[in-house]
Amino acid sequence: MNRHSWILVLVTLAVLSGAFQFYSPKVFDPDAFYHITHAKIYRAEGLTSSEFPWVQFSVIKNLKADIWYGFHILLIPLTFFSNLVFGIKFGSFLLTTAVLFLFYVLLKKMAIRWPFFWVLSFFFFIPDTHFRFLVLRPHLATFILSIAVFYLAVKKKYGAVFLAAAALSFVHLALSWVPMLIVLIVLIVDSYFSKKFEIKPALAALAGLIVGLVARPNFIGALKIAYVQVADLMLAKFNNVPLRFGSELRPASSLSLITHEIVPLLIVLCLGIAIFALALKRKTLNNLSEVNKTAIIGSLTVSIIFGLLTFLVARRAIDLWVGFTFIFAGLVFSFLTDRYTNYIQRYRRAAVVGGIVLILAILSNTLYYSLFKYPRQSPDHRNFKPAAEWLKNNSKEGQIVFHAYWDNFPILFFYNQKNNYINGMDPIFLHAFDPSLNIKLYFFIIDKLLSIENEVYTCGANPCVPGTVVSAYDAIKKDFKASYVFVEPSRNPKFYHYLKNDERFKETFANPYASVFEVL
C-alpha cells in the first residue's frame with residue numbers, strides 16, 4: 001500500500017470523525033467537562049498537583065489522587081483554546097480519528113482483508129460503541145491500546161507489549177487489568193499450539209502496568225481509588241446498594257439494546273464461528289501458521305469473555321466485544337478468501353451488493369441514535385452556565401453546593417471552580433466515603449423525600465428504620481455542610497417544590513432549566 005493510499009484513508013476517517021463531532025453544538029457526555037477542567041488545573045498548578053477539594057464527600061478528596069492522570073496530561077494542549085467547549089469537540093475529533101486510523105493499521109498488520117470495511121463497520125455497527133466515538137473520555141484510548149496489546153502479544157514483541165500496557169495503565173488505571181487478561185489468553189492459546197509456555201509477555205504486561213501506575217503523583221492513592229471504582233462497585237452491585245450510575249455500567253438487559261445492538265453482533269460472531277468450525281471439520285486450518293491460529297482462537301476467546309462481561313457486569317464492555325469480534329471475523333474471512341479465491345471471485349459482485357445493503361442497514365440504525373437520540377438526551381451545558389456563573393459571582397470561596405445528581409458536577413465544575421460540590425465522576429466514590437450519606441442523597445435523587453407533619457425527611461439507611469430518619473434541611477445543612485442548593489426543577493419537581501416552600505431556603509437564581517437556593 002503506497003503512501004497516498006494511507007493518506008486517503010486517514011483523510012476519509014478524519015472527515016467522518018469531523019462530520020459526527022461538529023454537526024451538533026452539544027457535548028454528548030458531561031464527563032468531558034470534568035476531564036478538560038482537570039487538565040486545565042494541571043496546566044495552572046503543575047503536573048504534580050494532587051489535591052482535589054472540589055468533591056467534598058468523595059474518596060477522591062481524601063486519597064488525593066487521579067486515576068485518569070495520563071489522559072488529563074494528554075488533554076493539556078486543548079486547554080489553550082479560548083473556547084474550551086471547542087477544545088472538547090476538537091479533542092474528540094482528534095481522538096476518534098487517531099483510534100480509527102490505528103485500528104485500520106493494526107488490522108492491516110494482522111493481514112485482515114478489507115480493513116477499511118471492518119473499520120467503518122466498527123464505527124457504525126453498534127450505537128453504544130459509536131457513542132463512545134463522540135465523547136472525550138479515556139475509553140477510546142483504552143480500546144486501541146488493548147487491541148495493540150493483543151497484536152503485539154501474538155507477534156511476541158515483548159518490549160512493545162510493555163509500552164502499550166504502560167500507556168493504558170497511565171491513561172486509564174481502573175482498566176489496567178485488561179492487558180493482563182488479553183496477554184494471558186494469548187499465552188494459553190499459544191502454548192497449546194507451540195507446546196511451550198512463554199512467561200515473558202505476561203511479565204512485560206505486568207511491568208508495564210506497574211510503570212503506568214507509578215508514573216503519577218500519589219500512585220498509592222490512585223490504586224485505592226481504582227480499587228473502589230472496580231471492586232467496590234462490583235460489590236455494591238451484588239449487594240444492591242442504591243446507586244444511580246450511568247446505564248453503561250449496568251449489565252446489558254434492555255430489549256432495545258438486545259434487538260438493535262446485541263443480536264446483529266451475535267450474528268457476525270456466530271457466522272464467524274460457523275465458518276471456523278467448518279474449516280476445522282474439513283481440516284483446512286492445517287496450513288495456517290501458529291501465529292495465525294493463535295490470533296484466531298485468541299481473538300475469539302477475548303470476544304466471548306467481553307461478551308459475557310457485557311451481559312453480566314457492564315454494557316460498556318461491548319466496545320472490546322465488538323472490536324475482537326470483528327478481528328476474529330476478519331481473520332476468518334481472510335482465511336476463507338485465501339483458501340477459496342476462485343470461488344470468492346465468482347460471487348464477488350453479490351458479496352459487494354450484500355455488503356452495501358448491510359452497511360446501509362447499519363447506518364440507518366446508528367444515524368438515528370447519533371443525529372436524533374443522542375442530541376435530544378444529552379444535557380445542554382449552556383442551560384446550566386448561568387446558574388454556575390451566578391454561584392461563582394455571588395458565593396464565597398470554597399462554599400459547598402448541594403446537587404442531587406453526580407452528573408451535575410462536571411458542568412458546574414467546568415464553569416465554576418470557586419465552589420466545592422458534594423460528589424462527582426462516579427456515585428461509588430460517595431458510597432465509599434460514607435454509605436449513610438450516599439443513601440441520604442439517594443432519596444433526593446429519586447425524588448421521594450418523606451413528608452411527616454409539615455416536615456420533609458430523608459433517610460440514612462436502606463431499608464429506612466427508626467433512628468436513621470433526618471430532616472432534609474439538616475441533611476443539606478449539617479451532613480453535607482452546603483451553603484447553596486443547585487436543582488433541576490424538571491428532573492426533581494418534588495425536591496424543587498420543597499425548596500420553594502420552605503422558608504429556610506431562599507431562591508437566588510432561576511431560569512427554565514435550573515434554580516439555585518441559598519441555605520439559610
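The values are calculated or read from the model by the stated rules, or taken from the named source; none is laboratory data. None of these values were measured; they are calculated from a predicted model. When we count neighbours, we look across all protein chains shown, and the Cβ atoms used for this are built from the backbone with ideal geometry, even at glycine. Calculation scope for accessible area: heavy atoms of the full protein, side chains included, ligands and nucleic acids excluded. Shrake-Rupley method; radii C 1.70, N 1.55, O 1.52, S 1.80 Å.
Helix 290-312 axis versus longest C-alpha principal axis of the chain: approximately 30°, rounded to the nearest ten. The Rg/Rh ratio for the stretch 1-106, using Cα coordinates for both the radius of gyration and the Kirkwood hydrodynamic radius, is 1.07.
To the nearest 10, the accessible area of residue 200 is 110 Å² with a 1.4 Å probe.
A simple spin-label model places pseudo-atoms 7 Å from Cα toward Cβ; at residue 49 and residue 461 they are separated by 4.3 nm. Spin-label model, residue 195 to residue 434: label points 7 Å out along the Cα-to-beta-carbon direction sit 6.5 nm apart. Using C-alpha pairs under 8 Å with a sequence gap of at least 6, the mean separation divided by the residue count of the chain gives a relative contact order of 18 percent. Working from label points 7 Å from Cα in the Cα-to-Cβ sense, the residue 245 to residue 494 distance is 2.6 nm. Solvent exposure of residue 319, expressed as accessible area, is near 20 Å², computed with a probe of 1.4 Å over the protein chains only. Computed across the chain, the Kirkwood hydrodynamic radius from all distinct Cα-Cα pairs reaches 24.9 Å. Extension gain, residue 503 to residue 206: 0.36 nm times the residue separation minus the Cα-Cα distance gives 101.1 nm.
Give the carbon-plus-sulfur fraction of the accessible surface of the chain in %, rounded to a whole number; probe 1.4 Å, heavy atoms of protein chains only. Display every interim value, and only then the final one.
Details: 14420 of 22720 Å².
In the chain, the share of accessible area belonging to carbon and sulfur is 63 percent.
On the beta carbon distance between residue 108 and residue 418, with R0 = 45 Å, the FRET formula returns roughly 0.35.
How long are the three semi-axes of the equivalent ellipsoid of the stretch 150-254, in whole Å, if each is the root of 5 times an eigenvalue of the C-alpha gyration tensor, listed from largest down? Can you show the working numbers first?
Details: eigenvalues 175, 72, 22 Å².
The three semi-axes for the stretch 150-254 are 30, 19, 11 Å.
Report the FRET efficiency, 1/(1 + (r/R0)^6), for residue 23 and residue 80, where r is their Cβ-Cβ distance and R0 is 22 Å, rounded to 0.05. My answer for the efficiency is 0.35. Pairs exceeding a 28 Å alpha-carbon distance, out of 237/440; 396/477; 89/440; 26/392: 89/440.
Using a 1.4 angstrom probe with every protein chain in place, what is the largest-first accessible-area order of 232, 29? Don't skip to the answer; put the middle values down first.
On the way: 232 45, 29 20 Å².
Accessible-area ranking of 232, 29, largest first: 232, 29.
Given the peptides 451-458, 148-155, 270-277, 11-18, arrange them by the average over their residues of other C-beta atoms within 10 Å, most packed first.
Values: 451-458: 13.2, 148-155: 25.5, 270-277: 14.9, 11-18: 17.0.
Highest to lowest by the protection proxy: 148-155, 11-18, 270-277, 451-458.
Computed over protein heavy atoms with a 1.4 Å probe, the accessible surface of the chain works out to 44 Å² per residue. Ellipticity at 222 nm from helices only: DSSP H runs of n ≥ 4 in the chain, each -39500 (n - 2.57), divided by the residue count, give -19000 deg cm²/dmol.
Annotation: residue 321 carries an accessible surface of approximately 10 Å², with a 1.4 Å probe and no ligand, DNA or RNA atoms counted.
Ordering 407, 426 from largest to smallest accessible area (1.4 angstrom probe), what's the sequence?
Numbers: 407 40, 426 5 Å².
Reading off the accessible areas and sorting them downward yields 407, 426.
Between residue 188 and residue 271, 0.36 nm times their residue separation minus their Cα-Cα distance comes to what?
27.4 nm
Looking at the stretch 9-84, none of the chymotrypsin sites (Phe, Trp or Tyr not before Pro) sits in a DSSP loop with at most 10 other Cβ atoms within 10 Å of its own Cβ.
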